[in-house]
1. Quick check on packing: order 18-25, 100-107 by the mean number of other C-beta atoms within 10 Å, highest mean leading.
2. With a point put 7 Å past each Cα toward its Cβ, work out how far Ala118 is from Arg189 in nm, to one decimal.
3. If you take the beta carbon distance between Leu57 and Ser111 as r and set R0 to 45 Å, what does 1/(1 + (r/R0)^6) give as a FRET efficiency, to the nearest 0.05?
4. Report, to the nearest 10°, how far helix 171-189 tilts away from the longest principal axis of the Cα atoms in the chain, using its own Cα long axis and a range of 0 to 90°.
5. For a test of the definition: using alpha carbon positions, the gyration tensor, and the 1.5 limit on a/c, classify the chain as rounded, prolate or oblate.
6. Once the whole set of protein chains is in place, how much accessible area is left on Arg35, using a 1.4 Å probe, in Å² to the nearest 10?
7. Relative contact order of the chain: what whole-number percent is it, with Cα pairs under 8 angstrom and at least 6 residues apart?
8. Rank Met75, Met128, Met1 by accessible area, highest first, at a 1.4 Å probe radius?
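The values are calculated or read from the model by the stated rules, or taken from the named source; none is laboratory data. Model, not experiment: these values are computed from the prediction. FYI the Cβ positions are ideal-geometry reconstructions off the backbone, even for glycines, and counts take in every protein chain you see. Note: accessible area is taken over every heavy atom of the protein model, side chains too, but ligands, DNA and RNA are not part of it. Shrake-Rupley method; radii C 1.70, N 1.55, O 1.52, S 1.80 Å.
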Amino acid sequence: MRTRLAGWALIVGTVVACAGYLTANALASGTGDARFTSPHWPLLNGIAIGGDILVVLGLPAILTGHGRRAEKLTMFGYVGTFAALVMLNVAEGVIEAFVKPYLVGHGGIPSDPPAGYAVYETCALVLMLAGFICLGIAVLRAKVYPWWTGVLFIVTPVASFLGLPGGWALIADYLCFTALLTIGVLTVRGSARAALDPQLRVGAEQQA
């Protein structure tokens, strides 16, 4: 039951997050700081952050799904992915959704970031790079989930470093969410557990 709940958290979280980000960027007019003046921006990004939190809560489904397969790589990937989602999507998402719109209406966003912010962001990016690549390789080696989910995890940090403008910068998030959505669906269906347990696999085949 707990594993299925984690799978549902991945499914609902990825759908809500993607819907929030897509709608926010579609309805927010203008580029640069002008988008922060849109009345829809805080609400829709807040919804997306709620989806991100659900995704974080559902990440343990990957640990359960892999079991003892590629155990060390999976753990490294889990820790890095967990940290990246919390530090970049949730923490920085709060800044993007609520702090920057407030600053725009009260004198503008300062050109220089707060002291120590560069160190924080560098740590988050390093964790993201190491975490997603390790998780992607673990998925490929464990052979519990489709191989292309592992490829999506590996490509995610690469896409994030492309520096795409506007809403295109979220392509990395969408790639990650696509892989996590797939894992969530397989977890709920029990396909991941069946891949690890021959008896469960035989039972699933008989039911099919």
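1. Most protected by this proxy first, the peptides run 18-25, 100-107.
2. Reported label-point gap for Ala118 and Arg189 is 4.8 nm.
3. Approximately 0.80, to the nearest 0.05.
4. 30
5. Here the chain falls in the prolate category.
6. 60
7. 27
8. Largest accessible area first, the residues go Met1, Met75, Met128.
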